[in-house]
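Take a look at the structure set out below.
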Amino acid sequence: MKLKNRENNNSLRKLNSTLDLIDFSSNDYLGFSKSELIFNQTHQYLVDNGYTQNGATGSRLLSGNHNLYSATENFIAQFHQSESALIFNSGYDANVGFFSAVPQRNDIILYDELSHASIRDGISMSNAKSYKFKHNDFEDLERLILKFKPSTIYIVTESVFSMDGDCPNIEELITVSEKYGCYLVFDEAHALGVFGINGSGLVQQFGLQDKVFARIMTFGKGLGCHGAAILGSEELKNYLVNFARSFIYTTGLSPHSVATILVAYQHLETEKNNIHLLRENIIHFNQQKNLLGLKPIFVRSKSAIQSAIIPGNEKVKWIAKQLQEKEFDVKPILSPTVPEGQERLRFCLHAFNSKDEISNVLQLLSELVFKS
């Protein structure tokens, strides 16, 4: 019955092969997943350090905690100016592990209503009570804080929202959290590689890393590889090692995967050009959508995610198909992934997109939107 309802609503999800089109859909913002240099340097690093085979692995608490983990976690902590870093197998695992383990019974979790599904799933496993606040609305957040004080309160949000591409006012949010002594948690999945010095994220761009309880950095976007890390205090790291079930009861990443993370981070520190190109493309995209009169349909965003709201699953799928037939890989986001009436085309920008590609895809979108 549930599958039939999806078919009737034109929203049935299917696994499709990746098309050889101009990429406006992947989260590989800096092109690191395609980098031969990163691939070759990872292989050389493994050879130089005696990791000639991946070998058998297990949980990091058993046989899976090879030496590459400590070297990589130390580098990540230094890069992000954090006391510690703990690697998880994915951003999903990191969010589920954190929110299911850290907030305790009688604690309160206040989360932005547009928070990612992985945050919501972790919260649903927690013994704490949870309540959502209106998107980026800190007056509504403060209302909830006053309602639940003096409970221990965790405030949860994203520094760049995965569907809208917009950002909260981080400085204002920190002011609110400090005023009431709350624990602030940022998911920085879509900020890593995009914002901050060397792509270190939006929190570090404002120099506010010491005022945040935890940051979740996901590597499958800007770094183009597997895994994620939770940044915070040594005490938080020790707690997660002991109580985060998605860390304890899973096979650790192979030496090759961890070495890829380390080399990708080293490239963030030394390769400035890709970050510069990405930021130029974000500016160009915003300029072009304004020139073409498309600004009203787009969510305001200065990130690599640009979303054009086109209500209705059928309509947004039709426009996406027209773009794909012209060799632009732009994906539709359908309800119920987003609320009904908020269906959209989600453009992901990259360092490797050319200015002409950006101008041409927006010109075609303009023609399709204004004639349909």
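The values are calculated or read from the model by the stated rules, or taken from the named source; none is laboratory data. Please read these numbers as outputs of a predicted model, since none were measured by experiment. Heads up, the Cβs are rebuilt from the backbone with ideal geometry, glycines too, and the neighbour counts pull from every protein chain shown.
When only residues in segment 59-81 that are surrounded by 19 or more Cβ atoms within 10 Å (Cβ to Cβ) and among the aliphatic types (A, V, I, L, M) count, which is farthest from residue 45 (Cα to Cα)?
The extreme case among them is 77.
Among (1) in a loop (DSSP other than H, G, I, E, B); (2) within 21 Å of residue 96 (Cβ to Cβ), there is one condition residue 168 misses while meeting the rest; what is its number?
The number of the failed condition is (2).
If we keep just the residues of segment 139-165 that are of a type in the set (Phe, Trp, Tyr) and surrounded by 19 or more Cβ atoms within 10 Å (Cβ to Cβ), which is farthest from residue 103 (Cα to Cα)?
Only one residue tops the list, namely 161.
Kindly indicate whether any position in segment 285-294 is of a type in the set (A, V, I, L, M), buried (at least 21 other Cβ atoms within 10 Å of the Cβ), touching a Leu at 6+ places or on another chain (Cβ under 9 Å) and at pLDDT 95 or above.
no
If we scan segment 312-335, do we find a residue that is of a type outside the set (Phe, Trp, Tyr), out of contact with any strand residue (DSSP E or B) (no Cβ under 9 Å at 6 or more places or on another chain), buried (at least 17 other Cβ atoms within 10 Å of the Cβ) and farther than 30 Å from residue 7 by Cβ?
Checked against the condition, which is being of a type outside the set (Phe, Trp, Tyr), out of contact with any strand residue (DSSP E or B) (no Cβ under 9 Å at 6 or more places or on another chain), buried (at least 17 other Cβ atoms within 10 Å of the Cβ) and farther than 30 Å from residue 7 by Cβ, segment 312-335 yields no hits at all.
Quick one: in segment 43-52, of everything that is in contact with a Leu (Cβ under 9 Å, 6 or more places away or on another chain) and in a loop (DSSP other than H, G, I, E, B), which residue is surrounded by the most Cβ atoms within 10 Å (Cβ to Cβ)?
Out of the qualifying residues, it is 51.
Taking the criterion of being in contact (Cβ under 8 Å) with a residue 24 or more places away in the chain, surrounded by 17 or more Cβ atoms within 10 Å (Cβ to Cβ), among the polar types (S, T, N, Q) and part of a helix (DSSP H, G or I), would at least one residue in segment 212-234 satisfy it?
Within segment 212-234, none of the residues are in contact (Cβ under 8 Å) with a residue 24 or more places away in the chain, surrounded by 17 or more Cβ atoms within 10 Å (Cβ to Cβ), among the polar types (S, T, N, Q) and part of a helix (DSSP H, G or I).
Regarding residue 67, is this residue assigned by TED's automatic domain parsing to the domain that holds residue 163 and modelled with pLDDT under 90? Give the derivation first.
Working: assigned by TED's automatic domain parsing to the domain that holds residue 163: yes; modelled with pLDDT under 90: yes.
Yes: the conditions hold for residue 67.
Conditions first: (1) at pLDDT below 95; (2) outside any loop (DSSP other than H, G, I, E, B). Residue 162 passes all but one, so which condition is the exception?
Here residue 162 meets the rest and fails (2).
Return the residues of segment 197-231 that are closer than 24 Å to residue 277 by Cα and either over 15 Å from the mean Cα position of the chain (by Cα) or of a type in the set (Lys, Arg) (or both); say none if nothing qualifies.
197, 198, 204, 205, 206, 207, 221
Out of all the residues in segment 53-103, which are at positive phi and either in a helix (DSSP H, G or I) or of a type in the set (Gly, Ala, Ser) (or both)?
If the condition is that a residue be at positive phi and either in a helix (DSSP H, G or I) or of a type in the set (Gly, Ala, Ser) (or both), then 55 is the only one that fits.
Among (1) under 30 Å from residue 30 (Cα atoms); (2) more than 18 Å from the chain's Cα centre (by Cα), there is one condition residue 147 misses while meeting the rest; what is its number?
Residue 147 satisfies all of (1) under 30 Å from residue 30 (Cα atoms); (2) more than 18 Å from the chain's Cα centre (by Cα) except (1).
Among the residues of segment 68-91, is any touching a residue at least 40 places away in the same chain (Cβ under 8 Å) and over 20 Å from residue 264 (Cα atoms)? Let's see the steps before the verdict.
Of segment 68-91, the ones touching a residue at least 40 places away in the same chain (Cβ under 8 Å) are 68-69, 71-73, 75-77, 79-91.
If we keep only those that are over 20 Å from residue 264 (Cα atoms) as well, we get 83.
There is at least one residue in segment 68-91 that is touching a residue at least 40 places away in the same chain (Cβ under 8 Å) and over 20 Å from residue 264 (Cα atoms).
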